[in-house]
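Here the structure is laid out as structure tokens; the discussion comes afterwards.
The values are calculated or read from the model by the stated rules, or taken from the named source; none is laboratory data. This one's a predicted model, so the numbers in the text were calculated from it and none came from an experiment. Ideal geometry is used to build each Cβ from the backbone, glycine not excepted, and the neighbour counts take in all protein chains shown. We work out accessible area using only protein heavy atoms, side chains counted, and drop any ligands, DNA or RNA first. Shrake-Rupley method; radii C 1.70, N 1.55, O 1.52, S 1.80 Å.
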Amino acid sequence: MIRINQATIIDKYIHCVDDVLIVGDRIARIGKEAVDAYLRTAPGEARILSGRGKYLAPSLVDLHFHLRNPGQEYKQTYEEASAACLRGGYTKVVAMANTKPAADCAAVIDEVQEAMKNLPLEVIQAAAVTVGLQGEELVDFEALREKTFVFSDDGRNVDSAEVMERALIRSRELDFILMDHDEPETEMVIRNIELAKRTMGRIHFCHISKKESIAAIAEAMKECPSISFEVSPHHIFASDLTYRVNPPIGDEEDNQAILEAIKSGAVNAIATDHAPHSEEDKEKGAPGIATIETAFGMVRRIFAQNGISIRKQIELMSNNPSELLGEDNRIREGARADLILFDDEKYVIDKHSFVTRSKNTPFDKMTAQGRILYTIVGGILYDNERA
């Protein structure tokens, strides 16, 4: 049993200061009196965590994560991915399909699930939209739908409008999410908005970074409820930065457009696009930033500077991603105990402390805010300060 005393309990649906009791893998009681009453008759003693001055929230859910396995273990192992996610407050991620080989068949998805089954991180492995991520031949959606409900050719466009339209039709027929990578961003976003409207397919736009794209998607969402989109921590945290990432980090106007869209409620989720690379691969021009361990603190610092609440951050990094995946991770009695306890203190990013072997970040030595002190997965406590 774990008792968390006098934490600020916060998510999209709750905001109060109180005690929480975890028994087994569930939240057993919320409220000091209810916790006291339960413990008077319960066998054994509870481990006590002080929540005073700290926040208790549902653990983070990442819609956009590069596991790098199978095939690229030199960038990040399964074990490192799991440990890095927990250190960053994440207990569930959607892994992209640009593995080696690409996740365009059941065997690759089965391999990932087998490798992860004894690790605390829950991975939803996305399947590819097209065979080999080549943008030409659609995968066997019916067969793969038995393994996953997320499909994406992330890292590449589906250049053919005809192929994309057929994929969107299948997303509606088989009830799956099509996560869309667009390059050049705004041009392809506008094309795929029109295809989504025509087919009423379920499209989720990945890592949107440009003000024109945001405006187009926000307008389309008013009439097409099957459209959603995410933004990424590095596009929130920085502007006018030349470090190679795809899509590129925009200018100040793009950065402000993202923040205004967050404030207005247009943005559905913040997803990391965690993309670990070896030093050699970065030198060769590989795009991407390893962000899973610092994403929360990066976003919190910018939100604090712009008057955006912690509660909004939890909504965008936990509740909303969970709901987009068809789940409900709100804090309530009886719910699975997947939680984070964090403070609101500033700290300096140190890439050399990363759990994952890849250290590719331009944000080393920069200030973040909000340290994930503990991550709880199904009632099992991970002390991130000692990880």
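The rows are residues; the columns are (1) among the aliphatic types (A, V, I, L, M); (2) in contact (Cβ under 8 Å) with a residue 24 or more places away in the chain; (3) under 22 Å from Ala304 (Cβ atoms); (4) crowded, with 22+ Cβ neighbours inside 10 Å.
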{"position": "Ala337", "(1), (2), (3), (4)": "yes, yes, no, yes"}
{"position": "Ile340", "(1), (2), (3), (4)": "yes, yes, yes, yes"}
{"position": "Glu345", "(1), (2), (3), (4)": "no, yes, yes, no"}
{"position": "Arg357", "(1), (2), (3), (4)": "no, yes, no, no"}
{"position": "Asn360", "(1), (2), (3), (4)": "no, yes, no, yes"}
{"position": "Lys365", "(1), (2), (3), (4)": "no, no, yes, no"}
{"position": "Leu381", "(1), (2), (3), (4)": "yes, yes, no, no"}
{"position": "Glu385", "(1), (2), (3), (4)": "no, no, yes, no"}
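Pairs please, first residue from the stretch 188-202 and under 16 Å from Ala216 (Cβ atoms), second anywhere and open to solvent by 20 Å² or more (accessible area, probe 1.4 Å) and among the hydrophobic types (A, V, I, L, M, F, W, C), Cβ atoms under 8 Å, 6+ apart in sequence or on different chains.
If the second residue must be open to solvent by 20 Å² or more (accessible area, probe 1.4 Å) and among the hydrophobic types (A, V, I, L, M, F, W, C), the pairs left are Val189/Ala216; Ile190/Ala216; Arg191/Ala161; Ile193/Ala216; Leu195/Ala161.
Ser160 is checked against (1) farther than 30 Å from Ala143 by Cα; (2) surrounded by fewer than 24 Cβ atoms within 10 Å (Cβ to Cβ); (3) polar (S, T, N, Q) and fails just one. What number does that condition carry?
Looking at each condition in turn, Ser160 falls short on (1).
Do you know which residues across the stretch 274-322 are of a type outside the set (Ser, Thr, Tyr), part of a loop (DSSP other than H, G, I, E, B) and open to solvent by 10 Å² or more (accessible area, probe 1.4 Å)? If you could, list the steps in order and put the result at the bottom.
As a first pass, look at the stretch 274-322 and keep what is of a type outside the set (Ser, Thr, Tyr): 274-277, 279-290, 292-293, 295-308, 310-317, 319-321.
In the following step, the residues that additionally are part of a loop (DSSP other than H, G, I, E, B) were identified as 275-277, 284-288, 290, 292-293, 306-308.
Of everything in the stretch 274-322, those that are of a type outside the set (Ser, Thr, Tyr), part of a loop (DSSP other than H, G, I, E, B) and open to solvent by 10 Å² or more (accessible area, probe 1.4 Å) turn out to be His277, Lys284, Gly285, Ala286, Pro287, Glu293, Asn306, Gly307, Ile308.
State the number of residues belonging to the stretch 107-142 that are part of a helix (DSSP H, G or I) and either open to solvent by 80 Å² or more (accessible area, probe 1.4 Å) or within 30 Å of Gly378 (Cβ to Cβ) (or both).
First pass over the stretch 107-142, keeping only residues part of a helix (DSSP H, G or I): 107-116, 131-133, 141-142.
This time we only want the ones that are either open to solvent by 80 Å² or more (accessible area, probe 1.4 Å) or within 30 Å of Gly378 (Cβ to Cβ) (or both), so: 107-116, 142.
Looking only at that region, the number is 11.
Among the residues of the stretch 37-71, what is the count of those that are under 15 Å from Val20 (Cβ atoms), over 35 Å from the mean Cα position of the chain (by Cα) and modelled with pLDDT of 95 or more?
First, pick out the residues of the stretch 37-71 that are under 15 Å from Val20 (Cβ atoms): 37-39, 42, 46-52, 54-59.
In the following step, the residues that additionally are over 35 Å from the mean Cα position of the chain (by Cα) were identified as 37, 39, 42.
If we keep only those that are modelled with pLDDT of 95 or more too, we end up with 37, 39.
Summing the residues that are under 15 Å from Val20 (Cβ atoms), over 35 Å from the mean Cα position of the chain (by Cα) and modelled with pLDDT of 95 or more in the stretch 37-71 gives 2.
I'm trying to understand the selection: among the residues of the stretch 200-215, which are in a loop (DSSP other than H, G, I, E, B) and open to solvent by less than 10 Å² (accessible area, probe 1.4 Å)?
Those that are in a loop (DSSP other than H, G, I, E, B) and open to solvent by less than 10 Å² (accessible area, probe 1.4 Å): Gly201, Cys206, His207, Ile208, Ser209.
Looking at Glu253, Glu219 in this structure, which one is open to solvent by 60 Å² or more (accessible area, probe 1.4 Å), closer than 30 Å to Lys284 by Cα and in a helix (DSSP H, G or I)? So that I can check it myself, show each step before the final result.
Numbers: Glu219 fails: closer than 30 Å to Lys284 by Cα.
Among Glu253, Glu219, only Glu253 is open to solvent by 60 Å² or more (accessible area, probe 1.4 Å), closer than 30 Å to Lys284 by Cα and in a helix (DSSP H, G or I).
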